Amino acid sequence: MSDAEPLLAVEDLRTVFHTDREEIHAVDGVSFEVRAGETVGLVGESGSGKSVTARSILGLVDSPGAIEDGSIRYRGEDLTDDNWERHRGDIAIVFQDPGSALNPVYTVGNQIREALKIHQDLRGREARDRAVELLEDVGIPDAATRVGEYPHQLSGGMAQRAVIAMALACDPDLLVCDEPTTALDVTIQAQILDLLAELQREEDLAILFITHDMGVIEDATDRVNVIYAGEVVERAPTDVLFENPQHPYTRALLRSIPGRTPPEETLPTIGGEVPTPTGPATVCRFAPRCPDAFGACVEVHPDHQDVSEGGVDRSAACLLHDDNYPNETGLGDGPDGGGPDERSVAPAAENTNYGAVDHGGGAPTETSVAGDASGQSATGGVDDIDDGGGEL
Ligand SMILES: Nc1ncnc2c1ncn2[C@@H]1O[C@H](COP(=O)(O)OP(=O)(O)OP(=O)(O)O)[C@@H](O)[C@H]1O
Ligand code: NI
């Protein structure tokens, strides 16, 4: 890691929604960095706070939400001090659904030219030529014709390419991609991932890659932050995270990737769902679903612990790594360790069933039931059957 100022430094970011009924701490103390030219992943299940983090970075959080604490520094300058306008074109975002990013009543070319006018002061012939060039850069064939087409004339994959071209029209240094391939079918997904990798190399773009799909994280990112219920629970270079995950949540996410579980075995998913954080974090929010939770996990909030090995910078927010809280369960047994078994005892947790689904034709099996012997857990146990895609 160089001493140079990172391109983007998010520190202790807290974004809260004040609804009539409750306060939702959607992003609750998130910190991470993106350096120039690298791809950093933000991965977690639905509802974990990924999109709110992305919108916070872009200054796009709408009422009843607001950034209440923390900083978002772009090249050292805190965007939360109302500096978004000044850096509007420096950070661009690509959303999941290209349909919502493109205006149906204007041609693709018109929309790119508009971005070129705003961000690069290009007009007329120059803007038109540049728009065609951008469409060529993102791999749209016959760009000179396509530039005059309307969004509905493009397939999903082509529309997402056009959205990326629009993002590039701002000449950004950082591209935030919020599930950019989730709405696309698998072959097209791979093509868009290839395109992003190529753009990153050629344009020296930094990318913040947001997804729920660990397979995409493995393919596309250099470093990764695992987010759960508004908090980053583990951060590491992608290869070491996959080799040796240190947080039980990360281990569970990894086990859910098809292909990492032998075909004759059941594909586990994580029983239960991400809780909505309606108050400040006082305990481990993952404890109710954690196969390794022990008493202290539902009493204290885990801070990030340094779990570096061999000079690799990484950390995990888990009491299993905190020497102040010795426990009898011990750490897992290697990369696949910490799995559900008899050691998993979570006395105070309400929902500790560990779901498993079958992806080979047999009946769904429960791989473990820990803690909650009363059977009152509502959402634990056998999950919906999901036999592919690596989705959670
Ligand atoms: N406008 C809003 N008003 C109230 N709560 C919101 C609003 N937007 C998001 N939230 C809440 O913030 C939390 C985080 O949502 P977010 O959309 O960031 O999740 P996500 O990780 O992007 O999930 P997904 O994978 O489904 O996109 C959720 O509990 C969600 O209900
Ligand atoms: Ni989202």
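The values are calculated or read from the model by the stated rules, or taken from the named source; none is laboratory data. Remember, predicted model here, so these are calculated numbers, not experimental data. Note: ideal-geometry Cβ built from the backbone for every residue, glycine included; neighbour counts use all protein chains shown.
Here are a few things to note about the model shown:
- Filter pass, G139 being away from ligand 1 (no atom under 16 Å from the Cβ), within 23 Å of S100 (Cα to Cα), of a type in the set (G, A, S) and crowded, with 18+ Cβ neighbours inside 10 Å: yes
Here's the yes/no breakdown for (1) part of a helix (DSSP H, G or I); (2) under 21 Å from the mean Cα position of the chain (by Cα):
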{"site": "A127", "(1), (2)": "yes, no"}
{"site": "E136", "(1), (2)": "yes, no"}
{"site": "G139", "(1), (2)": "no, no"}
{"site": "G148", "(1), (2)": "no, no"}
{"site": "A162", "(1), (2)": "yes, no"}
{"site": "A165", "(1), (2)": "yes, no"}
{"site": "T181", "(1), (2)": "no, yes"}
{"site": "Q191", "(1), (2)": "yes, yes"}
{"site": "L196", "(1), (2)": "yes, yes"}
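- Hey, R201 in the same structural domain as R130 (by TED's automatic domain parsing), of a type in the set (K, R) and farther than 30 Å from V283 by Cα or not: no
- The C-beta contact set for the stretch 187-199 (first residue farther than 15 Å from P172 by Cα, second residue surrounded by 14 or more Cβ atoms within 10 Å (Cβ to Cβ) and basic (K, R), distance under 9 angstrom, 6+ apart or interchain) comprises Q191/R161; I192/R161; L195/R161.
Residue-by-condition table, conditions (1) among the hydroxyl-bearing types (S, T, Y); (2) at pLDDT below 95; (3) closer than 20 Å to E273 by Cβ; (4) not assigned by TED's automatic domain parsing to the domain that holds F286:
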{"residue": "H18", "(1), (2), (3), (4)": "no, no, no, yes"}
{"residue": "E23", "(1), (2), (3), (4)": "no, no, yes, yes"}
{"residue": "R35", "(1), (2), (3), (4)": "no, no, no, yes"}
{"residue": "L42", "(1), (2), (3), (4)": "no, no, yes, yes"}
{"residue": "V52", "(1), (2), (3), (4)": "no, no, yes, yes"}
{"residue": "R55", "(1), (2), (3), (4)": "no, no, no, yes"}
{"residue": "L58", "(1), (2), (3), (4)": "no, no, no, yes"}
{"residue": "D62", "(1), (2), (3), (4)": "no, yes, no, yes"}
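- Selected residue [at negative phi and either in contact (Cβ under 8 Å) with a residue 60 or more places away in the chain or in contact with a strand residue (DSSP E or B) (Cβ under 8 Å, 6 or more places away or on another chain) (or both)] from V147, V132, V176: V176
- Residue list for the stretch 38-87, restricted to those being more than 22 Å from the chain's Cα centre (by Cα), surrounded by fewer than 17 Cβ atoms within 10 Å (Cβ to Cβ) and either within 16 Å of ligand 2 (Cβ to nearest atom) or at negative phi (or both): S63, P64, E77, D78, D81, N83, E85, R86
- Identity of the residue in the stretch 229-259, within 16 Å of ligand 1 (Cβ to nearest atom) and in a loop (DSSP other than H, G, I, E, B), that ends up farthest from the chain's Cα centre (by Cα): S256
- Tally, over the stretch 170-190, of residues that are modelled with pLDDT of 95 or more and either in the same structural domain as G148 (by TED's automatic domain parsing) or more than 16 Å from ligand 1 (Cβ to nearest atom) (or both): 4
- One residue alone among D90, D82, D69 is more than 15 Å from ligand 1 (Cβ to nearest atom) and free of Cβ contacts under 8 Å to residues at least 12 places away in the same chain, and that residue is D82.
- Odd one out for I207, checked against (1) more than 16 Å from ligand 2 (Cβ to nearest atom); (2) out of contact with any Ser or Thr (no Cβ under 8 Å at 6 or more places or on another chain): (2)
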